[in-house]
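Everything below concerns the one structure shown next.
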Amino acid sequence: MYDRASESYWPQIFGTAITEPAKGERLERFPVIWSKWKLVQAKYDQAQVLSTETGYSRDYNRDPYGSYRENEEDADNYYTNAVWIRLRFLLKKMS
């Protein structure tokens, strides 16, 4: 990410500025709950959506990371695929 206020680059994976003048500063971390709106409403009765009228063409009813979550629900599939790949492709020898 580029922060115009500090004129520094902040790689999201590190959460730390890598260029001056903010180099070495860390972003404050906040816990994230990945959920469906129905579940959020049930657990947090004061929860609100600020606005879906953002001026951008985007379907806010669709989870942009949905394809990742679908596979997570079938966690056994990860292990099965990893074993299949190991059996199918022999390890290379370094010489």
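The values are calculated or read from the model by the stated rules, or taken from the named source; none is laboratory data. All values derive from a computational prediction rather than experimental measurement. Here the Cβ positions follow ideal geometry from the backbone for every residue, glycine too, while neighbour counts run over all protein chains shown.
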Restricting attention to the stretch 26-41, does a residue exist that is under 30 Å from residue 8 (Cα atoms), in a loop (DSSP other than H, G, I, E, B), of a type in the set (Val, Ile, Thr) and at pLDDT 85 or above? no
For the stretch 16-40, give me each residue that is under 19 Å from the mean Cα position of the chain (by Cα), of a type in the set (A, V, I, L, M, F, W, C) and under 22 Å from residue 62 (Cα atoms). 32, 33, 34, 37, 40
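A quick yes/no check of all residues on (1) at pLDDT below 90; (2) more than 19 Å from the chain's Cα centre (by Cα); (3) under 30 Å from residue 1 (Cβ atoms); (4) not basic (Lys, Arg):
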{"position": "11", "(1), (2), (3), (4)": "no, no, yes, yes"}
{"position": "14", "(1), (2), (3), (4)": "yes, no, yes, yes"}
{"position": "51", "(1), (2), (3), (4)": "yes, yes, yes, yes"}
{"position": "69", "(1), (2), (3), (4)": "yes, no, yes, no"}
{"position": "84", "(1), (2), (3), (4)": "yes, yes, no, yes"}
{"position": "94", "(1), (2), (3), (4)": "yes, yes, no, yes"}
Out of the residues in the stretch 1-24 that are part of a loop (DSSP other than H, G, I, E, B) and among the polar types (S, T, N, Q), state the one that is surrounded by the most Cβ atoms within 10 Å (Cβ to Cβ). 6
Go through 59, 76, 45 for me and flag whichever is modelled with pLDDT under 80 and of a type outside the set (Lys, Arg). 76
